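Q: Please find one structure pasted underneath; my questions will follow.
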Amino acid sequence: MNHTGPVAVVTELDDVTADMVITELNKRGVPVVRFDPSDIGDRLLLSARFGAGPATTPAGHLRTPSRDTALEGVRSLYWRRPTWPHFEHLDDPDARFAAAQVRHGLGGALYALASCRYVNHPLSNYAAEYKPMQLAVAERLGLTVPPTLVSNDLADIRAFITEHGQVIYKTLRWIPYRRSDGVGLTTWTEPVTADEVDESVAVVPHLFQARVDKVADLRVVIVGLKVFAIRIDSDLLDWRTDYSALTYTPVALPTSVEKALTAHLEHFGLASGSFDLSITRDGDLHWLELNPNGQWGWLEDETGLPIAAAFADLLEQGATP
């Protein structure tokens with residue numbers, strides 16, 4: 001296994017969280033090559049060779065304006081917040097074709113680096129982002145999951161809301177969303193009543209969940225074998241709507257919950273992930289969701305927990321036998 005080569009950090013240009021990890025790696029003298037898939041062209045050149053013998057990983061190189069990196073020498077790959085090119089200068093059919101070649105060429109070569117450690121492997125991230133899968137795995141592992149309905153059947157949705165009374169709606173998948181006039185939109189976790197839903201819900205499935213009578217939220221960041229649990233206190237249904245209203249307290253998890261969350265990551269083949277749970281008045285923890293590539297940089301700033309160092313530890317170590 002390679003423990004001396006560079007760590008490849010794949011992310012967008014402005015990524016403060018990645019900067020924190022790179023700073024830690026720089027302090028340790030660990031070489032880093034940083035790039036974004038949207039750099040493809042003169043700013044990012046790839047050559048990957050296959051079929052030249054019994055190799056465990058493709059040979060070749062990645063070349064950026066400041067680095068020339070052998071693919072087989074990559075120690076770890078940190079898949080953070082990459083952006084893919086859209087080729088706006090091309091006609092739509094050509095742009096779609098070009099974008100597919102980048103995803104399957106550059107992406108495929110990066111996904112095939114068998115001798116490096118992935119944090120996380122992009123295909124594992126992708127599989128873990130399906131909330132119905134997350135819910136099913138969490139329930140199988142013994143975590144408390146609020147009653148949840150994924151449906152586009154109006155009658156079933158109204159019956160579910162009537163049965164549980166206090167119900168919230170949240171998206172199954174967040175994506176950047178802009179109106180035709182360019183105004184950006186987003187969707188928070190919101191309460192919903194039976195009277196508010198109508199026939200339009202039949203267009204796509206929606207996620208409805210019984211509202212947890214919570215007193216606080218919990219964000220748990222797991223990095224390898226290290227677990228960072230932070231209690232988030234506020235009066236908000238969705239704490240993401242106002243970060244200025246939040247207070248943070250590092251806490252210890254019950255051993256059973258810690259083991260279940262770690263097993264959840266292992267199920268999807270993830271080295272790290274960010275979990276959201278709610279804390280009830282009785283102190284019980286209710287599962288909400290997993291973000292396999294969640295943000296955590298602000299939590300280190302607020303609490304002083306050494307999360308960036310934990311990521312640097314994992315990336316510096318590289319793959320293990």
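Just so it is clear, none of the values below were taken in a lab; they were calculated from the coordinates. Note that the coordinates shown come from a computational prediction; the quantities given were computed from them, not determined experimentally. Positions of Cβ are generated from backbone atoms using ideal geometry, with glycine treated the same way; all protein chains shown enter the neighbour counts.
Q: In the calculated pair distance distribution of region 68-212, what percentage of Cα-Cα distances lie above 23 Å?
A: Tail of P(r) above 23 Å: 57 percent of Cα pairs.
Q: Let me ask another. Cut-off is 10 Å between beta-carbons; in what order do Tyr126, Tyr169, Tyr118, Tyr78 appear when sorted fewest neighbours first?
A: Tyr126, Tyr169, Tyr118, Tyr78
Q: What does the charge count around Thr4 come to, taking other residues whose C-beta lies under 14 Å from its C-beta (Lys +1, Arg +1, Asp -1, Glu -1)?
A: Around Thr4, the charge tally is +1.
Q: Which order results if Phe208, Phe275 are arranged by neighbouring Cβ count within 10 Å, fewest first?
A: Phe208, Phe275
Q: Say we join alpha carbon atoms closer than 10 Å with springs in a Gaussian network model of the chain; which of Pro146, Pro82, Pro205 then has the biggest fluctuation?
A: Looking only at Pro146, Pro82, Pro205, the largest GNM fluctuation is found for Pro205.
Q: With springs only between Cα atoms under 10 Å apart, run a GNM on the chain and tell me which of Leu236, Leu77, Leu277 wobbles the most.
A: Leu236
Q: Check cross-link reach from Lys226 to the lysines: straight Cα distance under 25 Å, and skip same-chain residues fewer than eight apart.
A: List returned: Lys27, Lys131, Lys259.
Q: Sticking with this one: Taking the Cβ of Asp14 as the center, what net charge do the other residues with Cβ under 15 Å away carry, scoring Lys and Arg +1 and Asp and Glu -1?
A: Charge balance near Asp14 sits at -2.
Q: Measure of size requested: the Rg and Dmax of region 7-119, with Cα atoms as the atom set and Å as the unit; please supply both.
A: 14.6, 46
Q: What's the Kirkwood radius of region 213-287 in Å, using all Cα pairs?
A: Over region 213-287, the inverse of the mean reciprocal pair distance is 12.9 Å.
Q: Another question about this same structure. Using Cβ contacts closer than 10 Å as the measure, can you line up Trp296, Trp174, Trp287, Trp84 from fewest to most?
A: Ordered from fewest to most neighbouring Cβ atoms within 10 Å, Trp296, Trp174, Trp287, Trp84 come out as Trp174, Trp84, Trp296, Trp287.
Q: Tell me, Kirkwood radius of region 139-288 from alpha-carbon pair distances, in Å?
A: 17.2
Q: Semi-axes of the equivalent ellipsoid of region 101-173: what are they in whole Å, largest first, if each equals the square root of 5 times a C-alpha gyration tensor eigenvalue?
A: 37, 16, 8
Q: Summing +1 for each Lys or Arg and -1 for each Asp or Glu, what net charge is found among the other residues whose Cβ lies under 15 Å from the Cβ of Thr57?
A: +2
Q: With bins 20 Å wide starting at 0, give me the P(r) of the chain over every alpha carbon pair, in whole percents.
A: 28, 54, 18, 0
Q: Take the Cα radius of gyration of region 1-64 and divide it by 2.2 N^0.38 Å, with N its residue count; two decimals is plenty.
A: Rounded to two decimals, the normalised Rg is 1.30.
Q: Still on this model: For a quick check, take a GNM of the chain with Cα springs below 10 Å and name the residue from Pro85, Pro93, Pro191 with the largest mean-square fluctuation.
A: Pro93
Q: With just the Cα atoms defining each centre, how far is region 31-85 from region 92-153? Give it in Å.
A: 21
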